[in-house]
Each structure stands twice: as structure tokens, then as C-alpha cells.
Amino acid sequence: MSLRDEIMIKEKFTCRHCGIPIGEHNQYLHDGMCNECFFELYFPEDAQIYELDIQKLSQICKMEKKENLGLRDFIKSGRLDQKEFATIVKEVAEKIDCTTCGNCCRVLKTTLSKEDIDRIARHLHMPVEDFIEEHITKNAEGVYEVKHVPCSFLQKDNTCQIYEVRPEECRGYPHLDKDVTTRCIQFFANAEVCPIVFNALENAKGVFLEDIYDFEISDEGGEL
Ligand code: SF4
Ligand code: SF4
């Protein structure tokens with residue numbers, strides 16, 4: 001008999017979130033959860049920063065695929081408390097300095113509108129045609145996007161050379177101020193690129209743990 005089996009018999013119960021063995025105290029007084037899950041759910045002091053290493057974001061998202069699918073289905077169900085989610089995002093964003101990262105400018109192909117192009121060309125004192133020739137291209141959908149990745153306006157200190165007039169797409173990234181219910185696919189894709197999105201996602205899994213669990217055992221959750 002393994003040590004884990006021995007503990008399970010002695011402890012009789014398991015944490016309803018992470019599944020590790022727990023005793024009667026936790027079963028009846030900590031809402032059926034181990035200490036870590038209980039305190040994470042009921043006493044989250046502030047948003048936590050779990051990971052800032054860009055190289056690891058995608059890897060962790062893949063490892064936590066099942067958990068993330070649970071959150072995704074919960075968000076898509078429309079049960080997410082948008083106000084509470086906005087608080088999580090704000091707390092995470094306050095703790096992460098984009099100038100120590102710059103990853104979105106390094107890996108994403110930002111799209112530009114006609115207004116973006118005119119504004120930036122004017123700012124650079126360049127004829128629009130020259131600006132297009134030098135910096136942007138049309139993608140398969142016929143939409144203008146930056147020609148180079150990393151973006152040619154990204155400077156060594158991770159700041160943007162055209163910050164005041166940057167494209168609207170850059171201004172809005174990582175788009176967490178928009179309704180995440182209708183932007184679920186982008187939200188989870190951006191978690192593999194942006195530490196703000198990744199850590200907001202991780203925090204949301206903790207804060208909405210109970211709601212996700214209730215959703216998963218509901219008829220609606222079972223159907224998805
Ligand atoms: S928005 Fe995200 S990916 Fe872009 S620089 Fe800030 S933390 Fe990094
Ligand atoms: S224009 Fe500026 S903000 Fe936008 S991708 Fe390039 S460097 Fe980043």
C-alpha cells in the first residue's frame with residue numbers, strides 16, 4: 001500500500017478542489033478543502049503574480065489545459081462576475097511593468113487602420129506611401145499589419161518609439177477592459193503571450209473556484 005493510500009484511509013476525505021487527502025477538521029470546517037485551496041478561495045488578499053517568465057507561459061497553459069477549459073466554459077456560460085474580474089485584472093496590471101516585458105511588441109503582428117497609418121506617417125514626417133513601404137504590409141485578409149516582428153518601433157528599453165501615436169490595436173492590448181465573455185478565444189490565446197493576461201487567468205481560477213465547481217456539477221456544465 002502506498003503512503004498516499006495510507007494517508008487517504010487515515011484522513012478519509014479529499015480536498016474537493018485539488019484532490020489531496022484532508023482530515024475531518026478541513027472537511028467540516030474548511031468547506032471540504034485543504035488549507036491552501038481554502039485560503040486561496042476565501043481570503044485572497046490581493047491578486048497574486050504567479051509567473052513573469054515569458055518562456056513558461058505557453059508551457060504552463062498547456063499543462064493546465066483541463067483547468068483552463070473549466071474556466072473557459074464557465075466564462076462562456078455568462079456566469080462570470082465581470083466586476084470582480086475587472087478588479088482582478090486591475091490588481092494584476094498594477095503589479096506588472098510593461099517596460100520589463102515588451103513581449104506583445106515582440107511576437108504579435110499588430111494591425112493598423114487607415115487612421116493609424118495617416119497619424120503615424122504624419123508624426124514621422126513621412127509620406128504615407130513611404131511609411132507603408134517601409135513599415136507595414138497587407139495580410140491574407142487584406143488588412144494592414146506591421147511588416148516586422150519584433151515591431152520596428154520597439155526600442156531597446158522596451159518602450160515604443162511612436163508611443164503617443166501608436167496604433168489603436170496596441171493602445172487596447174491586452175484588451176482586458178472589454179467583455180471577456182465574447183472574447184474568450186483571444187483571452188486564452190493572449191495568456192500564452194502576455195503576463196498580465198496569464199496572471200489574471202490564474203487569479204480568476206482561484207477567486208471563482210467555488211462558482212466554477214458549482215457550474216461544472218450543474219446540468220449546464222455537464223452538457224458543455
Ligand atoms: S501588455 Fe502584456 S505582453 Fe505587452 S508588454 Fe505589457 S505585460 Fe508584456
Ligand atoms: S507600434 Fe509600438 S506599441 Fe505597437 S507593437 Fe510596435 S512597438 Fe509595440
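Would you confirm, using the coordinates I've provided, whether Val92 is farther than 17 Å from Phe187 by Cα and either out of contact with any Cys (no Cβ under 8 Å at 6 or more places or on another chain) or modelled with pLDDT of 95 or more (or both)?
So Val92 does not fit the description; no.
Within segment 180-193, which residues are assigned to a loop (DSSP other than H, G, I, E, B) and either touching a Lys or Arg at 6+ places or on another chain (Cβ under 7 Å) or small (Gly, Ala, Ser) (or both)?
Residue satisfying the conditions is Ala191 alone.
Output the residues belonging to segment 145-179 that are assigned to a strand (DSSP E or B) and either touching a residue at least 60 places away in the same chain (Cβ under 8 Å) or more than 8 Å from ligand 2 (Cβ to nearest atom) (or both).
Correct list: Glu145 only.
Give segment 18-32 a look and list any residue that's charged (D, E, K, R) and either surrounded by 17 or more Cβ atoms within 10 Å (Cβ to Cβ) or within 26 Å of Gly70 (Cα to Cα) (or both), or say none.
Asp31
Could you tell me whether any residue of segment 160-173 is among the small types (Gly, Ala, Ser) and farther than 26 Å from Gln59 by Cβ?
Yes, there is a match, as at least one residue in segment 160-173 is among the small types (Gly, Ala, Ser) and farther than 26 Å from Gln59 by Cβ.
Considering each residue of segment 68-126, count those that are open to solvent by 50 Å² or more (accessible area, probe 1.4 Å), within 16 Å of ligand 2 (Cβ to nearest atom) and either β-branched (Val, Ile, Thr) or not in a helix (DSSP H, G or I) (or both), and give that number.
6
Somewhere in segment 207-220, is a residue in a loop (DSSP other than H, G, I, E, B), at pLDDT below 90 and open to solvent by less than 50 Å² (accessible area, probe 1.4 Å)?
Yes, there is a match, as at least one residue in segment 207-220 is in a loop (DSSP other than H, G, I, E, B), at pLDDT below 90 and open to solvent by less than 50 Å² (accessible area, probe 1.4 Å).
Of the numbered conditions (1) assigned to a helix (DSSP H, G or I); (2) open to solvent by less than 70 Å² (accessible area, probe 1.4 Å); (3) outside the structural domain of Lys62 (by TED's automatic domain parsing), Glu134 fails exactly one; give the number of that condition.
(2)
Taking Gly142 as the residue in question, decide whether it is without any contact (Cβ under 8 Å) to a residue 24 or more places away in the chain, open to solvent by less than 50 Å² (accessible area, probe 1.4 Å), more than 16 Å from ligand 2 (Cβ to nearest atom) and not charged (D, E, K, R).
yes
Which is in contact with a helix residue (DSSP H, G or I) (Cβ under 7 Å, 6 or more places away or on another chain), among the aliphatic types (A, V, I, L, M) and farther than 18 Å from Ala200 by Cβ, of Ile88, Ile120, Ile54?
From the options Ile88, Ile120, Ile54, the qualifying one is Ile120.
The values are calculated or read from the model by the stated rules, or taken from the named source; none is laboratory data. Quick caveat: nothing in here was measured; it's all calculated off a predicted structure. Methodologically, a virtual Cβ is constructed for each residue, glycine included, from the backbone with ideal geometry; neighbour enumeration extends over all protein chains shown. For accessibility, only protein heavy atoms count, side chains too; no ligands or nucleic acids. Shrake-Rupley method; radii C 1.70, N 1.55, O 1.52, S 1.80 Å.
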